[in-house]
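The values are calculated or read from the model by the stated rules, or taken from the named source; none is laboratory data. These figures come from a predicted structure and were not determined experimentally. Neighbour counts run over all protein chains shown; Cβ positions are idealised from the backbone, glycine included. Ligands, DNA and RNA are excluded from the accessible area calculation, which covers all protein heavy atoms including side chains. Shrake-Rupley method; radii C 1.70, N 1.55, O 1.52, S 1.80 Å.
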Amino acid sequence: MTMLGEQDTSISLPGDAAYDVATQVFNLAAPARPVAAVTAHTIDQVRNAIRYAESEGLQVRVHATGHASAATRPMDGAVLIRTELGGAVEIDARSRVARVPAGTRWGAVAEAGAPYGLAAPHGSSPTVGVVGFLLRGGLSPYGRQVGLAVNSVRAIELVTADGELRRVDASSDPQLFWALRGGGGGFGVVTAVEIELFPAAKVITGAAYWPAVHAERLLSVWRRWTLDAPREVTTSLRVMNLPPLPDVPPALAAGPVLSVDGAVLSTTDDVTVARRYAEDLLGPLRAVAEPVMDTWELTTPAAVLHAHMDPSDPVPFHGDHMLLSEIGDDGAAEFLRVVGEGSGSPLIVAGLRQLGGAFSVPDPAGGALDHLDARYSYAGSGVPFDPDVARALVDHCAKVRAALEPWDTGRTVPSFVERLEQPQRHLSPEQVEAVDRVRARVDPSGRFRGDIAPNASAIF
Ligand SMILES: Cc1cc2nc3c(=O)[nH]c(=O)nc-3n(C[C@H](O)[C@H](O)[C@H](O)COP(=O)(O)OP(=O)(O)OC[C@H]3O[C@@H](n4cnc5c(N)ncnc54)[C@H](O)[C@@H]3O)c2cc1C
């Protein structure tokens, strides 16, 4: 820890143990190397770090978990603020609103809401940070019922470049509130968010896995089911080439598998309808072949965070993402040609998340990104075990992109963007201009401009 002048500002420099803590990232393939770093537990520490950046002529960058470290710009010339604001998740059960300090991960929000029968629009992993996920859109396994996760944000507290702590919502600063929600970042350091939760009494959730030899029929059955699936159900289909690691069940590491996971939401204890929806999805899939592993069950919402079996510890990974229109039979065949059995794909996971339902409905009270005009979110990633695999991953991501190009909408959901240099448009040119006007007002010197997602600004 370095003492600056008379005051300990908590700023740490390379070589300090605190620097290593503040710069930890989940994606080990994309380390963060700022000039200086701080783990901010208080608003004052956030302010001090901004002041320090100003006095040293540095940029300010922000992160929490570093899940998206490969999708952020290099941090030369920047102070990195890792947010770990103090305080617990507070639930107002009457209004169904949770106040969440920045740095909180989704697991803690789900846990806080559970005693009230409330669930949060979290993603597939309990370790992902709430703020980064929300500001970038957020695809939830409840998303076809509740929409893009960012639409559930009711208020945002942030410290802007002038050191002011602002609480913005639909009435206090509607333009900034609009821009913060999906506008691409670069407005300041978010210190807390308020999000609306929803009733969730029971869920049917899990994942079923089949040998990839059945992939063609399974994909066909799943895809036809997605065409008019109920909103209460959100699923994803993945082709997985899992390495034989201690955490991986042997049945899944024996060869490539195809999995279908997801969640069927029941807002009441009467699960008759949820059971029928689950059977409509899983019955025809199980009839194709017997799964080698099947964890789908009626359970509590807490289980949804584990159904997808995302890694819980930091790993290096490299991947790509696209939003796709309906792929039809031709697109399904192309998908399996490039990521299926025998494709030589080095991707450990390549999958399609089901969109539609509430994902595709604009929210009249929403922000810059409030819905997705696409049928599937494609994401594929692998682990660059060595330089050869790293090169193979880059080449294969390009191959998949070329194969799926006819169905590529040219848009992305920013929370899924895996790499800085891959195309990642999510706003219209008019929206980019409108968001830039807000940035010019709250950050006139461009202190936070390195934090802006590529293609989300025209002025830098
Ligand atoms: C295992 C895994 C599972 C995932 N599952 C899903 C999923 O189901 N659905 C989905 O949509 N996405 C998913 N993601 C992607 C994830 O949502 C994004 O990587 C998201 O950006 C992570 O947010 P974070 O705060 O944890 O990450 P960070 O890398 O810490 O932050 C990402 C960016 O968010 C901004 N940011 C973070 N905190 C603040 C703050 N306090 N103030 C201002 N800006 C801030 C910054 O611009 C930062 O660069 C997953 C990623 C992984 C690795």
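Right, LEU134: within 13 Å of the ligand (Cβ to nearest atom), over 13 Å from the mean Cα position of the chain (by Cα) and in contact (Cβ under 8 Å) with a residue 24 or more places away in the chain or not?
Details: within 13 Å of the ligand (Cβ to nearest atom): yes; over 13 Å from the mean Cα position of the chain (by Cα): no; in contact (Cβ under 8 Å) with a residue 24 or more places away in the chain: yes.
It is false that LEU134 is within 13 Å of the ligand (Cβ to nearest atom), over 13 Å from the mean Cα position of the chain (by Cα) and in contact (Cβ under 8 Å) with a residue 24 or more places away in the chain.
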(request) Go through (1) open to solvent by 40 Å² or more (accessible area, probe 1.4 Å); (2) outside any loop (DSSP other than H, G, I, E, B) and name the single condition ALA458 misses. (result) (2)
(message) Residue under question is ILE50, and the condition is that it be near the ligand (Cβ under 9 Å from one of its atoms), open to solvent by less than 10 Å² (accessible area, probe 1.4 Å) and either farther than 22 Å from HIS321 by Cα or among the β-branched types (Val, Ile, Thr) (or both); does it hold?
(response) no
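Tally the residues that are free of Cβ contacts under 8 Å to residues at least 40 places away in the same chain and open to solvent by less than 70 Å² (accessible area, probe 1.4 Å), restricting the search to segment 258-283.
So the first thing to find is which residues in segment 258-283 are free of Cβ contacts under 8 Å to residues at least 40 places away in the same chain, and the list is 270, 272, 276, 279, 283.
Then keep just the ones that are open to solvent by less than 70 Å² (accessible area, probe 1.4 Å); that gives 283.
Adding up the residues that qualify gives 1.
The rows are residues; the columns are (1) touching a strand residue (DSSP E or B) at 6+ places or on another chain (Cβ under 7 Å); (2) surrounded by 16 or more Cβ atoms within 10 Å (Cβ to Cβ).
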position: LEU285; (1), (2): yes, yes
position: TRP296; (1), (2): yes, yes
position: PRO301; (1), (2): yes, yes
position: ALA307; (1), (2): yes, yes
position: PHE317; (1), (2): yes, yes
position: SER345; (1), (2): no, yes
position: GLY357; (1), (2): no, yes
position: PRO364; (1), (2): no, no
(request) Go through the residues of segment 54-61 one by one and say whether even a single one is surrounded by fewer than 19 Cβ atoms within 10 Å (Cβ to Cβ) and touching a residue at least 40 places away in the same chain (Cβ under 8 Å). (result) yes
(request) Output the residues belonging to segment 105-121 that are surrounded by fewer than 24 Cβ atoms within 10 Å (Cβ to Cβ), more than 8 Å from the ligand (Cβ to nearest atom) and either in a loop (DSSP other than H, G, I, E, B) or of a type in the set (Lys, Arg) (or both). (result) GLY117
(message) I need every pair where a residue in segment 174-196 that is open to solvent by less than 10 Å² (accessible area, probe 1.4 Å) and near the ligand (Cβ under 9 Å from one of its atoms) has its Cβ under 9 Å from the Cβ of a residue that is at pLDDT below 95 and polar (S, T, N, Q), sequence separation at least 6 or different chains.
(response) GLY186/SER457
(request) Six or more apart or on different chains, Cβ under 6 Å: which pairs go from a residue in segment 370-397 that's within 30 Å of SER428 (Cβ to Cβ) and in the same structural domain as ARG224 (by TED's automatic domain parsing) to one that's among the hydroxyl-bearing types (Ser, Thr, Tyr) and open to solvent by 40 Å² or more (accessible area, probe 1.4 Å)? Could you list them? (result) HIS371/SER360; ALA374/THR409; ARG375/SER325
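Whether any residue in segment 16-30 is among the acidic types (Asp, Glu) and within 15 Å of the ligand (Cβ to nearest atom) is what I want to check. Write out each step before concluding.
So the first thing to find is which residues in segment 16-30 are among the acidic types (Asp, Glu), and the list is 16, 20.
Retained after the next criterion (residues that are within 15 Å of the ligand (Cβ to nearest atom)): none.
Taking every residue of segment 16-30 in turn, none turns out to be among the acidic types (Asp, Glu) and within 15 Å of the ligand (Cβ to nearest atom).
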(request) For segment 122-131, enumerate the residues that are touching a strand residue (DSSP E or B) at 6+ places or on another chain (Cβ under 9 Å), over 18 Å from GLY366 (Cβ atoms) and near the ligand (Cβ under 6 Å from one of its atoms). (result) SER124, SER125, VAL128, GLY129
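Filter segment 62-90 for residues that are touching an Asp or Glu at 6+ places or on another chain (Cβ under 7 Å) and either modelled with pLDDT under 95 or more than 7 Å from the ligand (Cβ to nearest atom) (or both) and give the result.
Listed by number, the residues that qualify are ALA70, ALA71.
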